[in-house]
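Read the figures in this text as sums done on the coordinates, not as results from a lab. Quantities reported herein were computed from a predicted structural model and do not represent experimental measurements. Counting neighbours? That spans all protein chains shown, and the Cβs are built from the backbone with ideal geometry, glycine included.
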Amino acid sequence: MNRKTLGRLGREFITVLVAIMFAFPLYWVVVTAFNTKGGTYSIPPNFIPSFHLGPLSYVTTHTNWLHYVLNTVFIAGSSVALVLLTSAMAGYALSELKFKGSGVLFLMIVGVMMLPSQALLIPQYAVADRLGILNTYTVQIVPFAASTFGVFLFRQFFKSLPKEYWEAARLEGVGHLRYIRRVAVPLAKPAVLTVALLTFITAWNQFQWPLIMTTSHSVQPIEVALSHYMQTFEANWRKLTSAVILALAPIVALFLLLQKHIVSGVAGRDSGVNR
């Protein structure tokens, strides 16, 4: 083997090794969830799942799991719809509409991405308290109705569209709103899917915000439910890992189905910064 071949094999080996390191914790969760009670604590460990469905059945039938799932689906779905609307509108305005200070405004929007969310928790809590929206769905949706990353990505895609599209639409008497809905957004499908998927994953995995802003189980999402289950199930690792699998399954399935769109949206040919 020459040096080039050895280098390629070395890189592939390291890639596989890192992938195994990241995948093993998830695999171990699956093994624990489907293991028998004795197999969970056996030494040496049992690395092959036994496909014992008792704990999974218990979590789905003897807890309020479905309620938490529906809460999370509603919160995540509403967040995705609002983020797509605001991101598309703001991205189009910053890319196509010429107005004074648009460049400064864009830099300010991008600068928001650098602010740590934890630094704003206290004033945000105070504002939510004054508005009377604590312990509601509203406090879990409205603060996340806009995404700086979404605005950035839509702006980049809209800037890459040929100007002839807008000129042809204007000759037909089409206004900006109709042009966004009928032409710009359909052509920006990679951006739409990328923003929708990342927003859904972020909303699904929210823990700190709903834990602080809500106290009622009736409006709390799935990640907060998992923290409750850690106390309820204590050392019953099979039931706890079964709940984890139910929480992860929708995210993993969505990512596997749409991962190519994330790559094309974030690292595609039109993802560079356009001024």
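Of 98/189; 4/159; 98/260; 37/260; 4/260; 100/189, which pairs sit farther than 31 Å apart, going by alpha carbon to alpha carbon?
4/159; 98/260; 37/260
Which of 238, 130 has the fewest other C-beta atoms within 10 Å, and how do the rest follow up to the most?
130, 238
Counting each DSSP H run of 4 or more residues in the chain as -39500 (n - 2.57), what helix-only mean residue ellipticity at 222 nm follows after dividing by all residues, to the nearest 500 deg cm²/dmol?
Per the formula, -22500 deg cm²/dmol.
Sort 169-182, 136-149, 80-93 for me by packing, meaning the mean count of neighbouring Cβ atoms within 10 Å per residue, highest on top.
Per-residue mean Cβ counts within 10 Å order the peptides as 80-93, 136-149, 169-182.
In angstroms, what radius of gyration and Dmax does the stretch 107-156 have, counting Cα atoms only?
Rg, Dmax (Cα atoms, Å): 12.9, 37.
Need the C-alpha centroid separation for the stretch 145-222 versus the stretch 80-120, integer Å.
11
Under a GNM of the chain (C-alpha, springs under 10 Å), which listed residue has the highest mean-square fluctuation: 218, 42, 78?
In this elastic network of the chain, the residue with the biggest mean-square fluctuation among 218, 42, 78 is 42.
Can you list the equivalent-ellipsoid semi-axes of the chain, largest first and in whole Å, using the square root of 5 times each Cα gyration tensor eigenvalue?
The answer is 40, 28, 17 Å, longest axis first.
Select from 46, 135, 205 the residue whose mean-square fluctuation is largest in a Gaussian network model of the chain (Cα-Cα springs shorter than 10 Å).
46
May I ask you to derive the relative contact order of the chain, considering only C-alpha pairs under 8 Å and at least 6 residues apart, and to give it as an integer percent? Write out the running numbers ahead of the final one.
Working: 260 pairs, mean separation 81.5, N = 275.
Relative contact order, the chain: 30 percent.
On the first, second and third principal axes, largest extent first, how far apart are the outermost C-alpha atoms of the stretch 184-259 in Å?
Taking max minus min along each principal axis of the Cα atoms, the stretch 184-259 gives 51, 28, 17 Å.
What are the radius of gyration and Dmax of the stretch 1-52, computed over its Cα atoms and given in Å?
16.9, 52
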